[in-house]
Amino acid sequence: MSSATEQQHLAGPLSASVANLCQRLQPQVSARTAAGFREVLRRLSAPLQVAVAGRIKSGKSTLVNALIGRRIAPTDVGECTRLVTRFQYGTVDRVELVFFDGTKQVLPFEVGGMIPADLDVDFDKVSHLEAYLTNAVLRDLTVIDTPGLGSLDLASVKRTEQLLGAAKHRKDGEDGEDGEEDGDDELDETSRNAVAGAEAVLYVVTQGVRADDQQALAAFTAATASREAGPVNAIAVLNKADTITPESVTGSDGDVWKAATLLAEKQAATLKPRVADVIPVIGLIAESAESGGFTSADADALRSLSQLDDAIWETMLISADIFTTWECDVPTGTRVRLLEKLDLFGIRHAVDALRADPDLTAGALRRSLLDASGLAGVRSRLDAVFRARADGIKAAAALASVTALAHASGDPGERQRVHDAIEVLLAKPEAHQLRLLEALTLVTSGAVDMPEDLAVEVLRVGSNADIGEQLGMKGRPHNELSAYALERAGWWRSFASFGATPAQSRVAHVVHRAYFLIWQQLKAQSGS
């Protein structure tokens, strides 16, 4: 971890500070805790680990394929969809089965380049799958596909819950996602749990947010150290947005996408503060347009359909059955293929685009479908919530793991040494981001009770990367932002000293400093 090459893989200065802390402490702690620290160091130098989770048949694997830009994750029910699959960057495409005993077996791809849905091995002995792909998007983001919650297959649900931090214990031998590493055999179960789990979650919902969606998000922890899912490390997507009936959503004016947007806003309020946002998306169209599934032959078929009489065309769009059985020049098999790739919503969108511009090329039509899928909005939020904060998220998860490892050691002296080292790190100016993340978690989890308006303000300041959004004044002039930041800094300092409970005061001091640092940043930008 000390080599320059490995240091380059760290997400930023906060991760580097935590890595240095782990390295300094290793000679001062027990062999078992030191082994845990080595695992923390390994995870710090790896890309941010984002779990894609949700109920069964919510379209998780389809969305994974769209995000990766390749149709690789099986979407039909099979043994592989009952396993956790980690998609990470590699110089050669390969898939490995990882067994509970730590052994691995290379799995051949199917003819179309997908992971086979069923395995020719004893499924009960398989821990998870590791997929190494050359796709550039995976250089700084490891995407983890999970079995569906709500499945009748209890073993699959348990695998997912373990990843999300919902399970308190693991079976013997069921350790971290990467199998046995050097020194891992020194870790006991408690220590293993302290460094396991994804660091962020992309939660997939459909039209109805159910109780177990709430429970799964509540159970999600980064590094299984009681860091609940929150607006810093969790976002949700409303998938299958095209299946929403506009008439069922007040204010949609009959528009499907408007209905999906309004419903996503309502679900965001329901899931708040567990997630930063809920973004509507049509995973099927996104997958087809982004992963090479949409071909020039598909574009030609849609071009032919665009030339049908209006009345006939509207009749065909009434249902999938009518669309595939109606007599027309486009063969039934071709129409079935279009339905599998785009569904009726995507087909209508493509035909409308072709009627508006008959000269549209296959590439331009694919881009139009991609725009209609909403994938750009999901990627934008992934960048804003996860990628822009990868350093803070990873550092916070690592510190939580370090704390849990020291606590699990049972040695009061060791625990105190680790605690003191963390306090020194947190006192540094660059570590304020971690203080803010901690304050945000305390407020959103209810551990510190704040008046609602102040809780909303903490949420806004702590869960946005853009200064205008942090201040709730996006687009306002620079001088207004600066004046407001200084005003709020003074208010929170007064509240910390005179109006707050001791617990509230702790949070208030952090928020005061956040506003003061924002003011300093704005002042530096203006050159005054």
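Nothing in this text is a laboratory measurement; each read-out follows from the coordinates by a stated rule. Since the structure is predicted, the reported quantities are computational estimates derived from the model, not experimental observations. Counting neighbours? That spans all protein chains shown, and the Cβs are built from the backbone with ideal geometry, glycine included.
For the reader, a short list of remarks on this structure follows.
- Evaluating 6.51 cos²θ - 1.76 cosθ + 1.60 at θ = phi - 60° for every residue in segment 481-493, the Karplus couplings come out as 4, 4, 5, 5, 4, 5, 4, 5, 4, x, 4, 5, 5 Hz, glycine and proline recorded as x.
- Amide H contacts of VAL237: TYR203, VAL204, VAL205, ILE279, each under 5 Å away and 5 or more positions distant or on a separate chain (H built 1.01 Å from N in the peptide plane; Pro and chain starts excluded).
- Taking a Cβ cut-off of under 13 Å around HIS509, the surrounding Lys, Arg, Asp and Glu residues balance to a net charge of +3, with basic ones at +1 and acidic ones at -1.
- Taking other C-beta atoms within 10 Å as the exposure proxy, CYS22, CYS328 rank CYS328, CYS22 from fewest upward.
- Amide H contacts for ALA51 (H built 1.01 Å from N in the peptide plane; partners 5 or more residues away or on another chain; cut-off under 5 Å): ILE144, GLU199, ALA200, VAL201, LEU202.
- In sequence order, segment 27-42 has phi-based couplings of x, 9, 10, 5, 4, 5, 5, 4, 5, x, 4, 4, 5, 4, 4, 4 Hz under the Karplus curve 6.51 cos²θ - 1.76 cosθ + 1.60, θ = phi - 60°, and Gly or Pro positions carry x.
- Greater than 26 Å apart at Cα, pairs in LYS341/LYS394; LYS125/LYS341; LYS60/LYS258; LYS60/LYS394; LYS272/LYS341; LYS60/LYS266: LYS341/LYS394; LYS125/LYS341; LYS272/LYS341
- Rg to Rh, two decimals, where segment 284-373 supplies the alpha carbon set and Rh follows Kirkwood: 0.92
- Overall, segment 1-135 carries a charge dipole of about 600 debye about its Cα centre when +1 sits on the Cβ of Lys and Arg and -1 on the Cβ of Asp and Glu, all other atoms neutral.
- Per-residue packing, averaged as other Cβ atoms within 10 Å, sorts the ranges 478-489, 402-413, 275-286 into the order 275-286, 402-413, 478-489, beginning with the highest.
- Each of ASP213, ASP124, ASP371 was scored by other Cβ atoms within 10 Å of its Cβ. Arranged with the fewest first, they read ASP124, ASP371, ASP213.
- Residues in segment 281-288 carry Karplus couplings, in order, of 7, 10, x, 4, 5, 4, 4, 5 Hz; the curve used is 6.51 cos²θ - 1.76 cosθ + 1.60 with θ = phi - 60°, and Gly or Pro positions show x.
- Charged neighbours of LEU308, selected by a Cβ distance under 15 Å, balance to -3 (K, R count +1; D, E count -1).
- Full extension of the chain between ARG460 and ILE322 yields a length gain of 44.8 nm, computed as 0.36 nm times the residue separation minus the alpha carbon distance.
- Ranking of THR245, THR441, THR332 by neighbouring Cβ atoms within 10 Å, starting from the fewest: THR245, THR332, THR441.
- Within-12-Å neighbourhood charge of GLN433 [Cβ basis; K, R +1; D, E -1]: +2
- Using the Cβ-Cβ distance between ASP310 and GLU340 with R0 set to 25 Å, the FRET efficiency from 1/(1 + (r/R0)^6) comes to roughly 0.50.
- The modelled label-to-label distance between ALA483 and PHE498, using points 7 Å beyond Cα along the C-beta direction, is 2.3 nm.
- Protection-proxy order for peptides 249-258, 506-515, 452-461, each taking the mean of Cβ atoms within 10 Å per residue, highest first: 506-515, 452-461, 249-258
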